[in-house]
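The values are calculated or read from the model by the stated rules, or taken from the named source; none is laboratory data. In this text the structure is predicted, and so the values were computed from the model without any measurement. Neighbour counts run over all protein chains shown; Cβ positions are idealised from the backbone, glycine included.
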Ligand SMILES: Nc1ncnc2c1ncn2[C@@H]1O[C@H](COP(=O)(O)OP(=O)(O)O)[C@@H](O)[C@H]1O
Ligand SMILES: [Mg+2]
């Protein structure tokens, strides 16, 4: 039995705290120091990570390159061992075969066999997970559809795949065992804006299927759209998100992005007269009141332009 079942540890003093045994991922003071050849301390890659990730949430692990994101993932998978603290997945110690069977992992670089085609790759990994052939015959085409690899793409050898296609087959491979927890290490790196949008939609569809997703990324805009809560790592340490010394190391994305003392007014189809009235109304209530036209993101605009150019909604980055 795990320690957590014997004595539940409750972290995060907020009202929505949950016991470690019920969390999808739980880390307490998790630390990793890489040693050099002679066993001397070399790099403090992760320094006291505290996390409780609920089942079914999309959680963002953010930070610039070298901040300890991949190290965290490797610790959760049991590929490396902590030098301090501990971590659990679904109430059990990391690294056990039992736990890893329920995890899907998309590494930063997918090490897939270049001489297999997309379909063969999924059969290969399916057999590693001992999934019966009759199940694979159903699941493989479904997964290839899900990640958007068409008939032609699935028969091509992986060495001919573009970066975007390689990311897609990597994700399909990570999902072959129908995992409860999906670890995605920099899933959008190297993808063009359409590939990125599609990857984000896939992540949202994983959430809708009830899976827990951990998304590691240094691309903040990508995380903003899909994650509910985030933590930011820098040089192995979690950063205070409150900006006021409140020691808030995990934050709800909406809360941390909200500019609290600014109200934005949005309305469609107002006449110039009505706009003027509204302006005067706001002016009465505060100095510095201003109304702006809502903006779209550059990404939205880019995608719209390309989609319009290619004559409707059928263009995907794998066509490029
Ligand atoms: N096997 C290793 N041996 C020594 N140092 C390492 C090893 N792996 C990663 N590091 C170092 O640990 C730090 C964190 O790395 P990593 O977790 O890969 O960061 P991220 O994924 O956020 O880019 C970096 O300074 C990196 O150079
Ligand atoms: Mg990394």
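Could you please give the count of residues in segment 53-85 that are free of Cβ contacts under 8 Å to residues at least 60 places away in the same chain and either touching a helix residue (DSSP H, G or I) at 6+ places or on another chain (Cβ under 7 Å) or away from ligand 2 (no atom under 16 Å from the Cβ) (or both)?
Total meeting the criteria: 7.
List the strands (runs of 3 or more DSSP E) inside segment 20-68, counting only whole elements, that have at least 1 residues being more than 8 Å from ligand 1 (Cβ to nearest atom) and over 22 Å from the mean Cα position of the chain (by Cα).
Because the criterion is at least 1 residues that are more than 8 Å from ligand 1 (Cβ to nearest atom) and over 22 Å from the mean Cα position of the chain (by Cα), the strands (runs of 3 or more DSSP E) in segment 20-68 that meet it are 25-35, 41-53.
Answer yes if at least one residue in segment 230-250 is outside any loop (DSSP other than H, G, I, E, B), more than 16 Å from ligand 1 (Cβ to nearest atom) and at pLDDT 85 or above, and no otherwise.
No, segment 230-250 contains no residue that is outside any loop (DSSP other than H, G, I, E, B), more than 16 Å from ligand 1 (Cβ to nearest atom) and at pLDDT 85 or above.
Listed here are the residues, each with its yes/no results for (1) at negative phi; (2) more than 16 Å from ligand 2 (Cβ to nearest atom); (3) touching a strand residue (DSSP E or B) at 6+ places or on another chain (Cβ under 6 Å); (4) at pLDDT 95 or above.
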site	(1), (2), (3), (4)
7	yes, yes, no, no
41	yes, yes, yes, no
87	yes, yes, yes, yes
96	yes, yes, no, no
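So which residues in segment 207-220 are buried (at least 21 other Cβ atoms within 10 Å of the Cβ) and either closer than 10 Å to residue 57 by Cα or more than 16 Å from ligand 1 (Cβ to nearest atom) (or both), if there are any at all?
211, 212, 213, 214
Which residues, taken from segment 180-199, are assigned to a helix (DSSP H, G or I) and either farther than 23 Å from residue 71 by Cα or at pLDDT 95 or above (or both)?
Matches in segment 180-199: 193, 194, 195, 196, 197, 198.
Being modelled with pLDDT under 95, crowded, with 17+ Cβ neighbours inside 10 Å and farther than 29 Å from residue 239 by Cα narrows it down to one residue among 136, 112, 61, 128; which is it?
112
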